[in-house]
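S.K.: One structure follows; several queries about it will come next.
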Amino acid sequence: MLLIHVQKITPRVSYTFKQICKRILGFNVDLTSKIETFIAHEGPKLSYGKQPLGKELYFQSVDLLFEHGLSDLDIQVSDWGETKCFFEVKHIDSALPFDIFAAAFYLLTRYEEYLPHVKDTIGRFPATESIAYIHDFLQDPVVDIWSYKFREVLLKKYPDLIFQEKKFEIIPVFMVNQTFVYKNKGFLRSLGGGLRDFWKLKIDKLGDRIKVLIGLKKDPYNTFDFIIRLQKNRRRKAKVLFGLGDYSNYEKNIGYNRPQHQTIIKHIADYMDVGLKASYEAVSDLLVLKKEKLRIESILNRRLKYAMCSFFKIKLPEAYRNFIELEVGEDYSMGYSRYSGFRAGTCSPFMFYDLDYEVQTPLIVNSFCYVNLGTKNDVSDSLLVKNEIIDYIEKIKKINGVFIPIFSNISFSDLRGQPFLKSILEFIWEIEDEK
């Protein structure tokens, strides 16, 4: 165990050191603000504050972890080895030239998303407004990289310090906006879709629609057999998150109560973890979210554990507070829809910290770094996609993190998706099996 002396044990200090030391690096720490206890301790120890106490291992702090509320911070980002860092410190005895603990807290809590910012067309925090994008470190899990720099310093001073090594993981996540494109839409929606195809002279699409409706062809969006085939005889790890919101401008899935819809959800749940893709309306409305939660629980006959916000629209802190209120265990929304990278600067799961209440919550946030939903805006070059994924995997493997790619069932469809993504997903699963 490592003893850490701080001038004051605040919720921010406890949260940050627990995340870096225990969850990322795998060793226990104890915090003290009593100098006598620190001096008397004969094991590994360090101090974190404005000034060192003596000749101990010392890390200079900035004010952030000892403050309450939000401030308009002046952040200067600098190069540091192969990465970037901010919150520079000046004390000559500081073991690191930056307060990586304050910087980690800033990124993990999404501090910048609480501050005034320009929103995109559907009210999201844009990647282009983030410090990581502006200073070109969005593609790097800097919190984990900093943590391993901290580890190097500790081992140099205390070579006998024992770390419980984490294992590199891959957790594919499949988001289901539309379970079917043609089937189970009801007579009026099917008729309207057919007339629209005919009016726009999309004869091939009209032909496919008719074949699916009369049972001569499988629905193009029903790519779940392929996903299940990959998952069979492997550890239960992949997540499939279904949208069960009411039909609206943003939600186009079929009714949750249709028997074929429920059957396919139950079938998938036999092989993978199934959760909820909260609708656009549910993200900011607790009552709507509760209704959708009850829907998925009634289908699965079990408590909802995994969830995601539609369009990755995380309005902090309300969206996560609603998840917590309804006892959702894990969120998979932490990322950007149009930019790959690490929104919270990490590839390790972390607990959501509510900056308004200054408290660590029980909600586990899982940060994804790659998303491909089978839309026209996605990259369509197989080699580019594969190389991007390999690059992320190599980075994350070095720090024993978690690689979470987001796909859609549409991603593997011949209708709107990119069929080559099947080989990409098979490639990802092969890497997972090498562990």
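S.K.: Any of Lys22/Lys237; Lys183/Lys395; Lys34/Lys167; Lys266/Lys422; Lys22/Lys157; Lys218/Lys266 with alpha carbons more than 30 Å apart? Name them for me.
M.R.: Details: Lys22/Lys237 23 Å; Lys183/Lys395 41 Å; Lys34/Lys167 36 Å; Lys266/Lys422 23 Å; Lys22/Lys157 19 Å; Lys218/Lys266 19 Å.
Listed pairs above 30 Å: Lys183/Lys395; Lys34/Lys167.
S.K.: Using the C-alpha atoms of region 1-56, what convex hull volume per residue, in cubic angstrom, is computed?
M.R.: Working: hull volume 4.2 nm³, N = 56.
Convex hull of Cα atoms, per residue: 75 Å³.
S.K.: A further question follows. Among the listed pairs Lys313/Lys398; Lys119/Lys277; Lys252/Lys397, which have their C-alpha atoms separated by more than 32 angstrom in this model?
M.R.: Checking Cα-Cα distances, Lys252/Lys397 exceed 32 Å.
S.K.: Tell me which label goes with the value of semi-axes √(5λ) of the Cα gyration tensor in Å computed from the coordinates here: (i) 38, 27, 20; (ii) 45, 21, 20; (iii) 66, 29, 21.
M.R.: (ii)
S.K.: Between the helical axis of 286-300 and the dominant principal axis of the chain, each derived from Cα atoms, what acute angle in degrees is found, rounded to the nearest 10?
M.R.: With rounding to tens, the tilt is 70 degrees.
S.K.: I'd like to compare 111-117, 389-395: which one has the highest average count of other Cβ atoms within 10 Å, and what's the full order after that? Write down the numbers at each step before the final one.
M.R.: Details: 111-117: 14.1, 389-395: 17.1.
Listed from highest to lowest mean packing, they are 389-395, 111-117.
S.K.: Continuing with the same structure: Can you tell me the orientation of helix 142-157 relative to the chain, as the angle in degrees between its alpha-carbon axis and the longest Cα principal axis, to the nearest 10?
M.R.: 30
S.K.: Something else now. Using only the Cα atoms of region 304-362, what semi-axes does the equivalent ellipsoid have when each is the square root of 5 times a gyration tensor eigenvalue? Give whole Å, largest first.
M.R.: Details: eigenvalues 68, 38, 26 Å².
The equivalent ellipsoid of region 304-362 has semi-axes of 18, 14, 11 Å.
S.K.: At q = 0.13, 0.25 Å⁻¹, what is the base-10 log of I(q)/I(0) for region 63-158 according to the Debye formula with one equal point scatterer per Cα and no solvent? Please give it to two decimals.
M.R.: -0.50, -1.52
S.K.: Could you work out the relative contact order of the chain, using alpha carbon pairs under 8 angstrom and six or more residues apart, expressed as a whole percent? Don't jump to the answer; show the numbers that get you there.
M.R.: Working: 760 pairs, mean separation 71.4, N = 435.
About 16 percent, as a whole number.
S.K.: Next question, about the same structure. Please give me the summed charge of the neighbours of Glu358: other residues whose Cβ is under 10 Å from its Cβ, Lys and Arg +1, Asp and Glu -1. Write down the numbers at each step before the final one.
M.R.: Working: positive: Arg12; negative: Glu67, Asp354, Asp356.
Taking every other residue near Glu358 into account, the sum is -2.
S.K.: So, counting K/R as plus one and D/E as minus one, what does the shell of residues with Cβ under 11 Å around Gly26 add up to?
M.R.: Working: positive: Lys22, Arg23, Arg151, Lys166, Lys167; negative: Glu165.
Overall, the nearby charge balance is +4.
S.K.: Got the relative contact order for region 274-340 handy, in percent, Cα pairs under 8 Å and 6 or more residues apart? Can you show the working numbers first?
M.R.: Working: 84 pairs, mean separation 24.1, N = 67.
Relative contact order of region 274-340: 36 percent.
Just so you know, all these numbers are worked out from the coordinates, no wet-lab data involved. Just so it is clear, the model here is predicted, and its values are computed rather than measured. Backbone-built Cβ (ideal geometry, glycine too); neighbour counts: all protein chains shown.
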